[in-house]
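> I have a structure I would like to understand better, so I am pasting it below and will then ask my questions one at a time.
The values are calculated or read from the model by the stated rules, or taken from the named source; none is laboratory data. Note that this is a predicted model, so its numbers are computed, not measured. Because the Cβ atoms are built from the backbone with ideal geometry, glycine has one as well, and the counts that use them run over all protein chains shown.
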Amino acid sequence: MTKASDLFIQALEAEGVDHVFGIPGEETLALLESLRNSRIRLVLTRHEQAAGFMAATWGRLTGRTGVCLATLGPGATNLVTAAAYAQLGAMPMLMITGQKPVRSSRQGHFQIVDVVDMMRPLTKYTRQLVSADGIPAQVREAIRRSQEERPGATHLELPQDIAGDDTEAIVLPPTYSRRPLAEHKAVAAAADAIRAARHPLLMIGAGANRKTTSKMLRAFVNRLGIPFFSTQMGKGVLDESGPLWLGTAALSDGDFVHRAIDAADCIVNIGHDVIEKPPFSMHRGRRTVVHVNYSPAVVDQVYFPQIEVVGDIANSVWQLAELLEPQPHWDFAFFDRVREALCANVRELGEDARFPMAVPRLVAELSRALSPQDIACLDNGLFKLWFARHARCRLPNTLLLDNALATMGAGLPSAIAAAMVHPDRKIVAVCGDGGFMMNSQELETAVRLGLDLVVLVLRDDAYGMIKWKQAHDGYASFGMDYGNPDFVRYAASYGARGHRAGSIDDFAALLRQALDAPGVDLIELPVDYGRDDDLLNREIGERAAAVR
């Protein structure tokens, strides 16, 4: 006979789980004891939301399910935002929550929330375990569902009395699955459309951000020489430092990349995810749109592709490459001019000498300090648009930004998970002062874990992005400004090193010093969003429109 909590942990081990992020409670003590005797490492956090962000990022970076743990009631409700973060961002994650005994309880409805029902709209799969015998199958199903395309969040609730039961059930043996392949006729139709086009263009979306797909896409682009651009969550799938990159769809319209989009007569969308709105409307101009993804297109009034290649993306790209050769009538001259104008604009903005610092200059300074394999983890704020637009990623998942739920508070927890997955790389969390303070307590977690991590806190003493939108919409400034702690002393109180940049040169020196030093460093950097409204809503559009 095996205790149910032991069997639960054994089932996680059989699925390859090696870390659990979270906070235990009374109802999860049996599971905690089983975890103590396991090879799985418990990563104790200071808030369940942060634990969920860490687990989701673990899943995003490894492709394996990240696991987080919380107790019932308030512990479980604190996972709600993280559940949406993983579900909308396609990150494989399993949430485990405790619950009062289901057979009998002496505490009435104290702390009782219907967690399974609460998680239903936020997950791919949610169940309460009502029998110890069902644990192996339920764990297998939750892990499988979290990883299969499209990845996302799953949830299991383990009641206190079920966790203490004995069972003769055993862990299920491994299974093998294979994704379905696209129909050959669909691939052939897509190849014909690309071959016949005069100005073909690739769009790289979030669904292409998988290791095998990235490899196949590199071979595809190297062989055919078709220019590409990406959505925000498709950045880094292809090397953006080369001559075929046309930018990132960071702005809704009017940017340089949109000039290329408007000129294309065939756009091949690799891994377009509806969570990121299409960066173009199919009503504008005559063009063929090819949808290449694991699942059919979600057709709406903006996006209605004429050709759909549905199946394993990597295999679909490989099949397309086998059918295509570079065509003499392909004409990319205008795309080249768009790229040259974009790169000139990025360089110019990256030389901005203002202090407090303009974010395009910050992106340029950070890019100079980091190697291609190093990782920047972004919280959410106005700065994210500049990073998406200006950072030129060479490898997948080296700029972790969230353009799905786009929640504040995820930057630091995400960086902690990245530092655990890749201890050999430099990791930088880039947070606005608003987002940072939502999970700033996880500085203690980073210090306790002995991580090497740099945290940039961009200080403007306001909810800057909404303040910008408020001004752009013509409203009076109201309800956006706040005070901040002394971030240098705040970092020191957790055992980290705190620094305050007083100039651009000062920041550059502090950044290199922090990146070279072991441990956790926080740099407070004053930023200036004063020109952003004019740049983003007028000047960039005028520059882009001038390209001929």
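> Out of Val237, Val268, report the one residue that is touching a Pro at 6+ places or on another chain (Cβ under 8 Å), in contact (Cβ under 8 Å) with a residue 24 or more places away in the chain, surrounded by 21 or more Cβ atoms within 10 Å (Cβ to Cβ) and within 24 Å of His329 (Cβ to Cβ).
Of the residues listed, the single one that is touching a Pro at 6+ places or on another chain (Cβ under 8 Å), in contact (Cβ under 8 Å) with a residue 24 or more places away in the chain, surrounded by 21 or more Cβ atoms within 10 Å (Cβ to Cβ) and within 24 Å of His329 (Cβ to Cβ) is Val268.
> With the structure loaded, tell me whether Thr71 is crowded, with 21+ Cβ neighbours inside 10 Å, modelled with pLDDT of 95 or more, among the β-branched types (Val, Ile, Thr) and more than 23 Å from Arg46 (Cβ to Cβ) or whether it fails that test.
For Thr71, the condition - crowded, with 21+ Cβ neighbours inside 10 Å, modelled with pLDDT of 95 or more, among the β-branched types (Val, Ile, Thr) and more than 23 Å from Arg46 (Cβ to Cβ) - is not met.
> For residues that are among the charged types (D, E, K, R) and outside any helix (DSSP H, G or I), scanning just region 36-58, find the one that is surrounded by the fewest Cβ atoms within 10 Å (Cβ to Cβ).
Among those that are among the charged types (D, E, K, R) and outside any helix (DSSP H, G or I), it is Arg39.
> Condition (residue is more than 30 Å from Ala82 (Cβ to Cβ), touching a Pro at 6+ places or on another chain (Cβ under 9 Å) and surrounded by 21 or more Cβ atoms within 10 Å (Cβ to Cβ)) applied to region 339-349: is it met by at least one residue?
Yes, that holds for at least one residue.
> Which ranges mark the helices (runs of 4 or more DSSP H) fully within region 100-186 that have 2 or more residues being touching a residue at least 60 places away in the same chain (Cβ under 8 Å) and more than 30 Å from Gly271 (Cα to Cα)?
Output list reads 135-147, 160-163.
> State all residues of region 112-129 that are loosely packed, with under 14 Cβ neighbours inside 10 Å and modelled with pLDDT under 95; if no residue qualifies, say none.
Ile112, Asp114
> Can I ask one more? It is to be established whether one or more residues within region 451-470 are farther than 21 Å from Leu525 by Cβ and either over 27 Å from the mean Cα position of the chain (by Cα) or modelled with pLDDT under 95 (or both).
Looking for residues that are farther than 21 Å from Leu525 by Cβ and either over 27 Å from the mean Cα position of the chain (by Cα) or modelled with pLDDT under 95 (or both), one finds at least one in region 451-470, hence yes.
> Would you check which residues across region 427-484 are loosely packed, with under 15 Cβ neighbours inside 10 Å and of a type in the set (Phe, Trp, Tyr) and list them?
Across region 427-484, the qualifying residues are Tyr475, Phe478, Tyr482.
> Taking the options Leu129, Leu172, name whichever one is more than 30 Å from Val298 (Cβ to Cβ) and not assigned by TED's automatic domain parsing to the domain that holds Thr65.
Answer to the check: Leu172.
> Which one of Leu456, Leu385 is out of contact with any His (no Cβ under 6 Å at 6 or more places or on another chain) and under 30 Å from Met216 (Cα atoms)?
Of the residues listed, the single one that is out of contact with any His (no Cβ under 6 Å at 6 or more places or on another chain) and under 30 Å from Met216 (Cα atoms) is Leu385.
> Looking at region 509-534, which of its residues are assigned to a helix (DSSP H, G or I) and at pLDDT below 95?
Residues satisfying the conditions are Asp532, Asp533, Asp534.
> A follow-up question, please. Out of all the residues in region 305-338, which are exposed (fewer than 13 other Cβ atoms within 10 Å of the Cβ) and free of Cβ contacts under 8 Å to residues at least 40 places away in the same chain?
Glu322, Pro328, Ala333
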